[in-house]
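Novice: One structure coming up, written as structure tokens, with questions to follow.
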Amino acid sequence: MRPYLSVIIPYYNAPEKLEKLLVSLGRSKKAPPFEVIVVDDGSKRVYRASNTEYRRKFKTLTIRVVSLNANKGPAIARNRGVTEAKGKFVVFLDGDVEVFPDTLMEIARVYTEDPDVVALTGVWVKEQKSKAFFPNFKALRDWSYWINERDKNGYYFLFSTRIASIKKTVFQRLGGFDETYPAPLVEDIELTYRIARRYAIIFAPRVRVRHEFEEFWPIAKKYFLRAYYWTKLYQQRKKFDPVATTLTEAITTLSAVAVIVLVIAAMVGSMATLGSLTVVMRVLLVLCAIAILTHVFLVRKFLMFVAREKGAVFAVKSFLVGLVLYCFIFAGAIAGRVIHGHT
């Protein structure tokens with residue numbers, strides 16, 4: 001039987017995570033006929049899946065492994081997976097997520113209930129197995145973007161490859177992911193823009209995956225790099241987005257940087273004047289207060305959300321960590337502006 005969905009998973013040196021994802025796919029309930037295509041992106045830790053072994057556990061799970069001769073990045077890996085796909089729709093999953101038993105069923109439901117839909121994106125849930133602060137902060141930050149803070153009037157949404165699906169013929173007509181990106185940077189955002197020129201990307205909150213987030217430094221680095229490369233895309237389009245990279249978020253980033261700069265200036269000024277309130281110090285303190293109040297106002301939805309979820313102390317820590325992350329975003333955007341502005 002021809003599969004209805006082709007699940008494409010880029011894989012690189014993480015067999016334990018891939019195993020969890022495959023097991024979760026095998027537990028799918030009421031899913032349409034589907035196949036799983038794992039694209040080994042030049043891994044040193046080669047993954048070999050035995051269909052016989054998996055069929056003993058999950059009778060519906062069929063896995064094919066496609067191997068690339070060198071590490072070429074997820075854009076090329078996903079495009080190669082689509083060329084092997086037999087399904088009417090392709091489903092993109094990152095190799096470090098796990099699906100719910102109803103994830104594939106919900107994808108099929110969206111397509112069957114509205115035959116005009118050609119692309120959709122789901123959401124990763126806010127719960128984390130880790131009790132550490134930062135993974136929970138990041139999970140709640142992303143959930144809030146998608147559920148609480150997104151532009152409800154925006155007609156397109158980020159085609160996030162953690163969990164996204166598109167009609168195969170449309171994907172191929174658009175040329176797939178931009179293969180000039182050698183790493184997971186903004187290839188999903190760039191494809192989003194090309195899809196959105198002709199089609200709506202439906203946000204389907206019932207299409208869910210689990211994702212365990214990393215600690216601070218890997219995420220901060222990703223924030224910097226995505227801001228750096230997104231700046232080039234923005235300079236070409238001159239438009240903000242309905243999720244995360246919105247005009248409001250740009251203003252929020254500037255307010256966070258203003259808070260950091262003014263607080264440091266006030267601290268330096270206070271030490272220089274031994275705490276006496278000179279005119280300059282008074283001005284700095286007033287500006288600090290204005291910047292902090294402005295930033296609190298701009299992130300109020302998120303802070304109220306995390307306070308309800310995790311309590312007031314968690315919300316205060318989230319506010320402070322958020323300030324630092326916004327500085328990484330700002331630095332990436334400035335670097336992108338300086339470099340891409342001359343190209």
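Derivation of every value follows stated rules applied to the coordinates shown; laboratory data play no part. Here the structure is a predicted model, which is why all the values come from computation and not from measurement. Cβ placement follows ideal geometry from the backbone for every residue including glycine, while neighbour counts extend to all protein chains displayed.
Novice: Per-residue counts of other Cβ atoms within 10 Å, averaged by peptide: what ranking do you get for 328-338, 291-301, highest first?
Specialist: Packing order, densest peptide first, comes out as 328-338, 291-301.
Novice: Can you work out the FRET efficiency for the pair K30 and N69, with r the C-beta to C-beta distance and R0 = 41 Å, to the nearest 0.05?
Specialist: Efficiency computed from Cβ-Cβ geometry: 0.60.
Novice: Take the Cβ-Cβ distance between T278 and N13 as r, set R0 to 56 Å, and report the resulting FRET efficiency rounded to the nearest 0.05.
Specialist: 0.45
Novice: Could you work out the relative contact order of the range 247-340? I mean the mean sequence separation of Cα pairs under 8 Å and 6+ apart, divided by the number of residues, in percent.
Specialist: 39 percent.
Novice: Give the share of C-alpha pairs in each 5 angstrom bin for the range 247-340, from 0 to the last occupied bin, in whole percents, shortest bins first.
Specialist: So the P(r) values, bin by bin, are 3, 13, 19, 19, 17, 14, 10, 5, 1.
Novice: Here is a further query. Can you list, largest first and rounded to whole Å, the semi-axes you get for the range 295-334 by taking the square root of 5 times each eigenvalue of its Cα gyration tensor?
Specialist: Ellipsoid half-lengths, sorted descending, are 22, 10, 7 Å.
Novice: Follow-up. Using only DSSP helix segments of four residues or longer, with each worth -39500 (n - 2.57), what per-residue ellipticity at 222 nm results for the chain after dividing by its residue count and rounding to 500?
Specialist: -17000 deg cm²/dmol
Novice: Please rank H211, H340, fewest neighbouring Cβ atoms within 10 Å first, as an exposure proxy.
Specialist: Least to most surrounded, the residues fall as H340, H211.
Novice: Here's something else I'd like to know. Using the Cα centre of the range 5-214 as the reference point, and only Cβ charges (+1 on K/R, -1 on D/E), how large is the resulting charge dipole? Debye, rounded to the nearest 20.
Specialist: The dipole magnitude comes to about 600 debye.
Novice: On to the next question. Enumerate the helices in the chain for which the Kyte-Doolittle hydropathy averages 0.0 or more and the C-alpha atoms extend at least 18 Å along the helix's axis, using complete DSSP H runs.
Specialist: Span-like helices in the chain: 247-272, 279-298, 312-340.
Novice: Moving on to the next point. Out of these labelled values of Cα extents along the principal axes in Å, [x] 101, 37, 34; [y] 68, 57, 36; [z] 79, 44, 43, which was calculated from the coordinates shown here?
Specialist: The calculated read-out lines up with [z].
Novice: Stretched out fully, how many nm does the piece from V261 to K310 gain, at 0.36 nm a residue minus the Cα gap?
Specialist: 14.8 nm
Novice: Follow-up. Name the residue, out of M271, M105, M304, whose mean-square fluctuation peaks in a Gaussian network model built on the chain with Cα pairs under 10 Å.
Specialist: In this elastic network of the chain, the residue with the biggest mean-square fluctuation among M271, M105, M304 is M271.
Novice: What nm value, rounded to one decimal, do you get for the distance between I251 and I339 when each label is placed 7 Å out toward the C-beta?
Specialist: 3.0 nm
Novice: Of all DSSP beta bridges located in the chain, what percent are antiparallel, nearest 5?
Specialist: DSSP beta bridges in the chain are roughly 35 percent antiparallel.
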